[in-house]
Amino acid sequence: MQDIRLKAFWTLFLWAFGCLLLGWFTNAHLAWLTYLCGVLAYLAGHLYWIHRLYQWALKPSLNFIPNGKGIWEDIFANLYHEMRRHSRSQSQLSSTLERLRHATSALPDGVVVLNNRNEIEWFNEPAVQRLGLKRHHDESQPIYYLLRQAEFVEYLQAEEYSEPLKLKSWRSPDITLELQIIPFASKQRLLICRDVSAIEKTEVMRRDFIANVSHELRTPLTVIGGFLETISDMQGEISPDIQPYFDMMQAQTTRMRRIIEDLLTLSRLENNVTLKDETEIDMKAMLQQLHRDAQALSQGQHQVTLHMEANVNLTGSYNELMSAMSNLTTNAVRYTPPQGKIDIYWQMRGEDVVFSVQDNGIGIEAHHLPRLTERFYRVDSGRSRDTGGTGLGLSIVKHILHHHQASLQVESEPGLGSCFRIVFPAQRILPA
Ligand code: ADP
């Protein structure tokens, strides 16, 4: 820029100087006339190149950029270099975009990019097959116009995307899709869609297998248990040497029956995703019953106290909630040494209501806590077995809470005790 201004200045300056010399040697009129003609010619030259620039700008093309003269040569040369750099980076960008498009098309999962109004901005080929989207036609359409299932619309609006959503495909009932929304940039979202039919099928087979095995084992075990009971009832007819063996066999049979009952309960809970026997539960009566059961199990060895602080009821399944809550109180009794203290609380916490069982028993080390609800996960298997545990209790609790949109929270310190809390959301609460 500096160069161009200097060039223009020197051109005009030299022309004026030449005219001054001319005026010196000839006369002033001729010098003025020559100067004026020169300035006019200079202006006309600029006007000409401005016109050429305007013409070129109407249809800018790298091949037809004018050459220019004087300072216009520099201007057009700079323009040419800038245009070339721009076109090079544009072709680089479009080839990167093309590669990205090919890569996302090769993904096995459907990918849909949504804007902040949940309108479709872009989708790849697998999204066409899995979700039935139509190229060109469905772009810019809100996604909930095309995927109208109530569960999906709820999932989209809830804005809680930590867990994926499983849906039966509306295109074919044999296909199960897993949809997950991932927010990115400012308010944009990626919708990932996966076909999980094969995994789902294996999961159903696993559930059926466990349910069938448990059913098949239940009858022979009942028969064996019955015979063992009959034999051990024959007082005096069995030699006292053999009696302890019978007692052991009976204890093991009872344990196996408990495991089978718990496995059957688990598969029932897994198969029924929605609640069937939903009623209003009188929480005062239920918690008093729980309190009495815990005292009976403790047989006076613990100080069990019920703190009824909230005056609200729940809607849900009485049997399921009784089973989940009694699992926690039973565990507190089983894992708290005699003379220990167990407190059962029913309290409001903000909009939610919380059921908690606090004990000052053996406690649990922090690294076990995330795994407690896994099937057969026990911190101390010996103690669990000795107190009649199956290792399935908290797993059952987790499923029941899932049915009631409730969550389980555990705090524990080894040697100091544990606190198991069930948090029920506001939608489950009814005034007592
Ligand atoms: P189990 O039948 O073995 O008690 P659960 O699923 O009910 O199975 O519990 C899993 C494990 O969690 C138990 O084996 C025990 O180690 C631990 N646990 C549960 N409740 C308590 C508690 N109140 N105090 C200490 N440990 C507990």
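The values are calculated or read from the model by the stated rules, or taken from the named source; none is laboratory data. Source: prediction; values computed, not measured. Counting neighbours? That spans all protein chains shown, and the Cβs are built from the backbone with ideal geometry, glycine included. To get the accessible areas, we keep the full protein, side chains included, count just its heavy atoms, and leave off ligands, DNA and RNA. Shrake-Rupley method; radii C 1.70, N 1.55, O 1.52, S 1.80 Å.
The residues of the chain have, on average, 62 Å² of accessible surface per residue, using a 1.4 Å probe with all protein chains present. Specify which residue in the list Leu114, Leu191, Leu40 is farthest towards the positive end of the charge dipole of the chain, using unit charges on the beta carbon of Lys, Arg (+1) and Asp, Glu (-1), about the Cα centre. So the residue we want is Leu40.
Please identify the GluC sites (Glu not before Pro) of region 159-208 that satisfy two criteria: DSSP loop assignment and at most 11 other Cβ atoms within 10 Å. Which are they?
Hits after loop and neighbour filter: Glu159, Glu160.
In deg cm²/dmol, rounded to 500, what helix-only [θ] at 222 nm does the chain give when every DSSP H run of at least 4 residues adds -39500 (n - 2.57) and the total is split over its residues? Display every interim value, and only then the final one.
On the way: 12 runs with 227 residues, N = 432.
Result for the chain, helices only: -18000 deg cm²/dmol.
Each part reduced to its alpha carbon centroid, region 158-208 and region 252-282 end up 27 Å apart.
For region 107-195, what is the convex hull volume of its Cα atoms per residue in Å³? Working shown, then result.
On the way: hull volume 8.0 nm³, N = 89.
Normalising the Cα hull of region 107-195 by residue number yields 89 Å³.
Report, in degrees rounded to the nearest 10, the 0 to 90 angle that the Cα long axis of helix 2-25 makes with the longest principal axis of the chain. Roughly 10 degrees between the two axes. With contacts taken as Cα pairs under 8 Å at a separation of at least 6 residues, the chain carries a relative contact order of 9 percent. Restricting the calculation to alpha carbons of the chain gives Rg and Dmax of 41.1, 156 angstrom.
Taking the C-alpha atoms only, the angle from helix 283-298 to the longest principal axis of the chain is near 60 degrees. The fraction of accessible area contributed by carbon and sulfur in the chain is 58 percent, rounded to a whole number (1.4 Å probe; ligands and nucleic acids excluded).
Computed from Cα atoms, the angle from the helix 28-58 axis to the main principal axis of the chain rounds to 30 degrees.
For the chain, a Gaussian network of Cα nodes joined below 10 Å ranks Ser232, Ser381, Ser61 by mean-square fluctuation, and the top entry is Ser61.
Listed by chain and number, the aspartates and glutamates whose alpha-carbon sits under 20 Å from that of Lys341, ignoring those within fewer than 8 places in the same chain, are Asp293, Glu309, Asp359, Glu365, Glu411, Glu413.
Checking every one of the trypsin sites (Lys or Arg not before Pro) in region 246-312 against DSSP loop status and a limit of 13 other Cβ atoms within 10 Å picks out Lys276.
If DNA, RNA and ligands are ignored and the probe is 1.4 Å, what is the ranking of Val357, Val273 by accessible area, most exposed first? Intermediate results must be reported in sequence, preceding the final value.
Details: Val357 5, Val273 100 Å².
Result of the area sort, largest leading: Val273, Val357.
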